[in-house]
Amino acid sequence: MSDVFVAVEHLQGEVTDISFELLAMARGLADQVGGDVIAGLVGSGVGDMAGRLGGADKILVVDDPAFENFSPDGHAMAFSAMAGDASIVLVPYTSMGMDVASAMSESSGTPLVSFCSSVSLDGGIGATCQLYAGKIEGDVEIDGDKAIFAVLAGSASAEGGKSGGAGVVETMDSPVGDLRTRFLGLSEPEGGDVDITAEDVLVVVGRGIESQDNIAEAQELADALGGALAASRPIIDQGWLPKTRQVGKSGLTVKPKVYLTLGVSGAPEHVEGMKDSATIISINTDPQAPIFGVAHYGWVGDIFDIMPELIDGLE
Amino acid sequence: MDSVVLLRPVPDPVEELEINDDGSDLDRDYLGYVLNEFDDHALEEAILLKEASGGSVTVLGLGSADEMEQILYTALAKGADEAVKLGDDIGHLDVRSQAAAFASALDGRSYDLIFTGVQAADELDGQLSVRVAARLGIPHVSVVVGARAGAGSVTVTKEFWGGVTADYEVQTPAVLGVQAAKQAPRYVAVSLIRQAQQSGALSEEDIETPDEGPGIRLVAVRVPESGEGAEMIQGDETEAAERIIEIIKGAS
Ligand SMILES: Cc1cc2nc3c(=O)[nH]c(=O)nc-3n(C[C@H](O)[C@H](O)[C@H](O)COP(=O)(O)OP(=O)(O)OC[C@H]3O[C@@H](n4cnc5c(N)ncnc54)[C@H](O)[C@@H]3O)c2cc1C
Ligand SMILES: Nc1ncnc2c1ncn2[C@@H]1O[C@H](COP(=O)(O)O)[C@@H](O)[C@H]1O
């Protein structure tokens with residue numbers, strides 16, 4: 001069947017934006033092959049949420065207390081059962097999707113393409129994806145007539161996936177067997193001193209900052225601009241700034257008026273958290289850095305040369 | 001807990017990546033390789049677990065990159081007990097074949113946990129951790145930021161978004177795809193790496209060259225247009241700083 005299946009993700013009772021983006025993408029593909037868009041929704045007490053998936057023609061629901069929380073093995077099993085023989089399966093490339101997509105590919109033997117930014121059906125199934133942390137873009141062709149795509153956030157407009165389908169809800173039996181991963185509890189990060197999602201100006205340091213000692217200079221620049229300091233993931237993993245300052249896939253999504261990056265390469269996981277900022281200015285020594293693909297303004301050069309000039313100029 | 005860590009070299013991200021003549025892949029002849037950064041975190045987490053609750057750490061390195069031995073000796077110097085270099089003459093493998101290779105190397109070994117990086121820059125056809133788990137018939141957790149040992153199970157912290165995490169009790173054996181260790185990967189003195197080279201803890205194991213074929217073909221690769229849509233600021237740092245301040249003042 002030439003249906004397009006979307007594995008829907010939800011967090012704290014809300015369908016995530018990326019799920020709607022995938023529904024929008026699925027609509028374009030289904031129209032092309034004359035199939036239906038099928039959404040798979042797995043959870044406990046998710047009836048209300050099914051009603052918000054009107055972008056799909058059919059919404060398959062597995063409603064089971066065992067799925068009150070995400071289960072790496074359980075959700076993969078449930079989505080595999082739901083996808084049935086859809087020819088195209090779209091999975092969000094998120095923390096959830098990372099446990100689900102490869103497991104679906106292994107259990108069905110269907111090829112999987114990760115890091116996808118678009119899928120095409122012109123003369124066979126194909127996709128465009130980002131590799132090597134966004135430094136390389138690749139075109140892929142599928143052998144066969146079925147494929148699973150793990151799709152990056154921001155690959156389509158979420159608005160386009162919120163309506164336009166028949167929206168028929170169908171409940172399925174829960175396929176859950178013995179879960180070998182038992183959910184114990186969620187924990188939220190401790191509130192930080194600064195809420196980077198509420199700032200107008202963010203100065204953002206990446207691995208180019210080189211050492212903890214250099215953070216002070218970037219902070220000085222942020223102060224001079226009346227903004228706050230944020231960072232890419234490696235800076236947080238090093239413990240140089242608290243988790244609440246992380247922008248990206250596993251951090252926060254920000255949309256400040258000004259987003260000034262210092263030594264950030266622009267990996268897809270970082271870009272998805274900042275691409276909607278109003279004005280993005282990036283400084284990087286590498287003219288090929290993918291960050292220059294999303295920035296509005298760029299300067300190729302050394303952050304340690306320009307930081308003092310910026311601070312001086314602002315005084 | 002006895003742990004096995006799966007290590008893969010990836011093209012050095014600081015090097016300029018060149019495309020081959022027919023535009024179908026990277027030009028791999030002159031590439032330098034380094035350990036996948038997430039595998040480095042996986043190794044760190046395994047060593048931290050051993051330091052906290054005992055057990056052993058074995059590292060398996062796949063592939064013929066010249067840098068492989070150095071990567072394995074470094075892992076020994078950091079605290080791994082045994083290192084095995086797999087498939088000396090194996091070229092670049094797709095992830096399905098990598099999973100098959102590791103699964104066959106794991107056959108007959110005993111372990112409680114298998115650690116590897118949550119992803120690698122070239123995981124075009126999925127993630128190694130989940131594929132290995134499926135082949136061994138054991139559970140998996142991806143995007144792991146910590147593991148603690150219990151009796152017959154392990155408590156694993158998985159990260160979702162914005163620093164929100166969930167704890168899972170996971171039956172062992174299991175495969176963990178590590179995003180970040182509880183602390184940044186340690187550095188190790190060159191003298192310790194030299195000692196590791198003398199230790200005899202590195203062995204080689206032949207594996208059959210698996211070639212499952214991923215079912216997908218990379219037909220074209222390119223370096224994305226850099227600065228597409230971006231205005232590139234010219235001039236030295238003084239001129240650029242002036243222009244940037246002007247832009248910021250206009251935008252905020
Ligand atoms: C599941 C998952 C979730 C993730 N979530 C996030 C996330 O939320 N946020 C995030 O940021 N990352 C995230 N990552 C990590 C992401 O893949 C990248 O590793 C990370 O974004 C890279 O950070 P970076 O740009 O600071 O470092 P690098 O990629 O190492 O880039 C450093 C850059 O600095 C430049 N540079 C070096 N020195 C100088 C200098 N003196 N002057 C100017 N430029 C210089 C270099 O040219 C380079 O481009 C995630 C990864 C995974 C697998
Ligand atoms: N597709 C999904 N289905 C169910 N739960 C999920 C999914 N993705 C993530 N989760 C996790 O399950 C928790 C409970 O979801 P919710 O019922 O929406 O509050 C969330 O906070 C996530 O940690």
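All of the numbers you see were taken from the coordinates with simple rules; none came from a lab. Note that the structure is a prediction, hence the values are computed from the model and not measured. Please note: Cβ atoms are built from the backbone with ideal geometry, for glycine as well, and neighbour counts cover all protein chains shown.
Hey, could you get me the Stokes-Einstein D for region B:109-172, Kirkwood radius over alpha-carbon pairs, 37 °C and 0.692 mPa s, rounded to whole µm² s⁻¹? The diffusion coefficient I find is 257 µm²/s.
Taken over the protein assembly as shown, the alpha-carbon convex hull comes to 149 cubic angstrom per residue. Overall size of region A:137-210 from C-alpha positions, given as principal axis extents largest first: 47, 40, 31 Å.
Taking 35 Å as R0, compute the FRET efficiency from the Cβ-Cβ separation of residue A:213 and residue A:143 and round it to 0.05.
Details: r = 52 Å, r/R0 = 1.49.
It comes out at approximately 0.10.
The three principal axes of the C-alpha atoms in region A:1-96 carry coordinate ranges of 36, 22, 22 Å, sorted with the longest axis first.
Relative contact order of chain A: 16 percent, from C-alpha pairs under 8 Å at least 6 residues apart in sequence.
A convex hull fitted to the Cα coordinates of region A:155-300 yields 179 cubic angstrom per residue. Here the ratio of the Cα radius of gyration of region A:89-181 to 2.2 N^0.38 Å is 1.24. Ordered by the number of other Cβ atoms lying within 10 Å of each residue's own Cβ, fewest first, A:96, B:232, B:1 fall into the sequence B:232, B:1, A:96. Taking 7 Å steps out from each Cα toward its Cβ at residue B:20 and residue A:184 produces label points 4.7 nm apart.
Values of log10 I(q)/I(0) for region A:251-315 across q = 0.14, 0.18, 0.28 Å⁻¹ run -0.40, -0.64, -1.22, by the Debye formula with one identical scatterer at each alpha carbon and no solvent. Calculated mean residue ellipticity at 222 nm for chain B: -9000 deg cm²/dmol, from DSSP H runs with n ≥ 4 weighted as -39500 (n - 2.57), summed, divided by the residue count and rounded to 500.
For region B:163-208, GluC sites (Glu not before Pro) meeting the loop criterion (DSSP other than H, G, I, E, B) and having at most 12 other Cβ atoms within 10 Å: B:208. If you average 1/r over every pair of different alpha-carbon atoms in chain B and take one over that average, what Kirkwood value in Å do you get? Computed over chain B, the radius equals 19.9 Å. Computing FRET efficiency as 1/(1 + (r/R0)^6) for residue B:239 and residue B:30, where r is the C-beta to C-beta distance and R0 is 56 Å, gives about 0.95.
Short-range pairs are left out: with C-alpha atoms under 8 Å and at least six residues apart, the relative contact order of chain B is 24 percent. All other residues whose Cβ lies under 11 angstrom from that of residue A:139 are scored, Lys and Arg at +1 and Asp and Glu at -1, for a net of 0. Averaged over peptide A:92-102, the number of partner chain Cβ atoms lying within 10 Å of each residue's Cβ comes to 6.
Across region B:140-211, counting alpha-carbon atoms alone, Rg and Dmax equal 17.2, 45 Å. When the alpha-carbon atoms of chain A are used, the pair Rg, Dmax equals 21.3, 66 angstrom. Of chain B, which part is the longest with no trypsin sites (Lys or Arg not before Pro) in a loop (DSSP not H, G, I, E, B) and with at most 14 other C-beta atoms within 10 angstrom? After excluding every exposed loop site, the longest remaining stretch is B:1-108. If you bin all the Cα-Cα distances of region B:1-130 at 10 Å, starting from zero, the percentages per bin are 12, 45, 32, 9, 2, 0. The DSSP beta bridges internal to the protein assembly as shown are antiparallel in roughly 35% of cases. Would you tally the net charge around residue A:257, using a Cβ to Cβ cut-off of less than 14 Å, leaving residue A:257 out, and scoring K and R as +1, D and E as -1? Its environment carries a net charge of -1.
Binning the C-alpha pair distances of region B:1-64 at 5 Å intervals from 0 yields a P(r) profile of 4, 17, 20, 17, 13, 10, 8, 6, 4, 2, 0 %, listed from the shortest bin outward. Between residue A:90 and A:5, A:6, A:7, A:149, the built amide H atoms are under 5 Å apart, and every one of these is 5 or more places off in sequence or on another chain. Take each residue in B:165-175, count the other chain C-beta atoms within 10 Å of its C-beta, and the mean is 5. The GluC sites (Glu not before Pro) of region A:119-195 that DSSP puts in a loop, and whose beta carbon has at most 14 other beta carbons within 10 Å, are A:190. Fully extending the segment from residue B:51 to residue B:205, taken as 0.36 nm per residue of separation minus the present Cα-Cα distance, adds 52.7 nm. Quote the FRET efficiency, to the nearest 0.05, computed for residue B:198 versus residue A:48 with a Förster distance R0 of 56 Å and r equal to the Cβ-Cβ distance. Given R0 = 56 Å and the Cβ-Cβ separation, E is 0.30. Residue by residue along A:256-263, Cβ atoms of other protein chains within 10 Å of the local Cβ number 2 on average.
Across region B:116-213, Cα pairs under 8 Å and at least six residues apart give a relative contact order of 26 percent.
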